[in-house]
Structures are given as structure tokens and as C-alpha cells.
């Protein structure tokens, strides 16, 4: 079945540091890939997405590139801010419209000033 | 606020009691999902509705769990004879259409946290 594996946290970084959160997936066919973010006290919200190989999703300074050859969708940001402290979830959809999103376990990021 | 709302936000109950959670999706969203999230885990799918029809249920949804979406608007998730293992955050999400589902754009509520003593 479809699955997502993401690096375990927590990840603690100083402000302006470079961020990478690894995500790899297992799926049949050509899934779409997503990063969701959950800020403290809030619901999950879509951060970015990519629907086909080599696509790059980007939002709020975050980027992730859909790499089919390595089945990866790593999240990166060049300079993190304290406000980026949150839990980040990698997720996958098989594009059928009939299968719910499959999420990774989440990676907690703490950014300190 | 026109986002997904869930009620109650927190529920503490004794083992064996029944609990019910309510979810109000974004207006006119056709699909409504229930997920469960335990500490250190990502959301796990429970069930979803297309309008009032329940289209899929996860094997995680034991016989003690039942969900409804009468009239295709709000939804309820009831857990009967709660067990300590039911302690979790129950998340509701909605999406505007089949196309929205394909693009992965689920809109989540803040969740209902259940603690079973």
C-alpha cells in the first residue's frame, strides 16, 4: 500500500539556519505529494504540493521537489524564522480521488532566536 | 469564521462512556473526512463522506465507532463504550469537490481531543 516516511524529530534550529526535512514515499503509479503544517493550537493546513515528477512546490519560502527516481519530496527552507516552529507532515495522494490522503508521522521543528 | 469547526475541543470521559463529536465543514464542501491522530503520529484515516453517503471506512473504525452526515452538512462521530486506547485527537477535514481531493487540498479543523480515564 501507499506510505510515507519522514525524518523523525524534533528538529531544533537557530533562526536563519537552513532547514531540510526528509520525506520518502512508497506508492504505485504516479502520486501527488504534499507538505502540511500544523502550527501550535491550529489545524493542519496545506503548505505546498507537487503533482508530477520534477515539479517543485513552493510557499512561504519553503520548497520541495518531487523526485521520482529517489521517491523523495524533501522540504527545504533557506533561512528559518521563529514563526516557522510547527509540526510538518508529508502526505501522498494516489490521484484517484477515492483514496484518502496518507500522512507521515510528522516532524516537529523548533526555531530559537 | 468560515473554516471547519469541531466541537467539543476537549472531552474527558471515563472508560465505558459514550462520546460524540461534531464537525461543521466549510459550507458547500462535498467531502468530509475523519482522521485520528495520536501523540507522535500523523493523522490516520477513519472514514469519509461524499455528501450524505459514507463511502469508505478504515479497518481502524471498530464497531464501537459510528459516523453520520445527515443531509450532507455537519457530521457526527460517536464512540460507544470508550476504551483508554481511544484517547487521541479526532480531526475533521473537508474538501470542495472531487478535484479538490485530487489536489490534496483538505481543510482541517482544530480537532477534538479525547481523553479516556
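Observations on the structure shown:
- The residue A:79 and residue A:52 beta-carbon pair, evaluated with R₀ = 30 Å, returns a calculated FRET efficiency of approximately 0.60.
- Average beta carbon contacts from partner chains per residue of B:42-48, 10 Å cutoff: 6
- Here the simple spin-label model places points 7 Å from the Cα toward Cβ, and for residue A:17 and residue A:39 these points are separated by 2.2 nm.
- Sequence-separation-based contact order of the stretch B:1-65, relative, with Cα cut under 8 Å and 6+ spacing, percent: 21 percent
- Compactness of chain B as Cα Rg over 2.2 N^0.38 Å, two decimals: 1.00
- Fewest-first ordering of A:74, B:10 by other beta carbons within 10 Å of each residue's beta carbon gives B:10, A:74.
- Distance from the Cα centroid of the stretch B:27-48 to that of the stretch A:24-97 is 18 Å (rounded to whole angstrom).
- Its alpha carbons considered, the stretch B:1-58 gives a radius of gyration followed by a Dmax of 13.2, 36 Å.
- Potential lengthening between residue A:3 and residue A:26 on full extension [0.36 nm per residue; Cα-Cα distance subtracted]: 7.8 nm
- Rounded to 5, the percent of DSSP beta bridges in the protein assembly as shown classed as antiparallel: 90 percent
- Compactness of the protein assembly as shown was expressed as the Cα radius of gyration divided by 2.2 N^0.38 Å, which yields 1.01.
- Relative contact order (percent, whole number), chain B, Cα cutoff 8 Å, 6+ residue spacing: 36 percent
- Note on residue A:67 and residue A:108: their simple-model spin labels are 2.8 nm apart, each label 7 Å out from Cα toward Cβ.
- Taking 10 °C and 1.306 mPa s as conditions, chain A diffuses translationally at an estimated 113 µm²/s according to Stokes-Einstein applied to its Kirkwood radius (Cα pairs).
- This ranking places A:82, A:4 by how few other beta-carbon atoms lie within 10 Å of each, fewest first, which gives A:82, A:4.
- Projected area averaged over orientations for the stretch A:40-102, convex hull of C-alpha atoms, nm²: 5.1 nm²
- Here the relative contact order of chain A, from alpha carbon pairs under 8 Å that lie six or more residues apart, stands at 37 percent.
- Within the protein assembly as shown, helix-based [θ] at 222 nm, where runs of 4 or more DSSP H residues each add -39,500 (n - 2.57), nearest 500: -500 deg cm²/dmol
- Modelled FRET efficiency - R0 22 Å, residue B:7 with residue B:80, Cβ distances, 0.05 increments: 0.70
- Distance between the pseudo-spin-label points of residue B:58 and residue B:30 (7 Å out from Cα toward the beta carbon): 2.4 nm.
Readers should treat all values here as calculations from the given coordinates under stated rules, not as data from a laboratory. In this text, all values refer to a predicted model and were calculated from it rather than measured experimentally. So basically every Cβ, Gly included, is an ideal-geometry build from the backbone, and we count neighbours across all protein chains shown.
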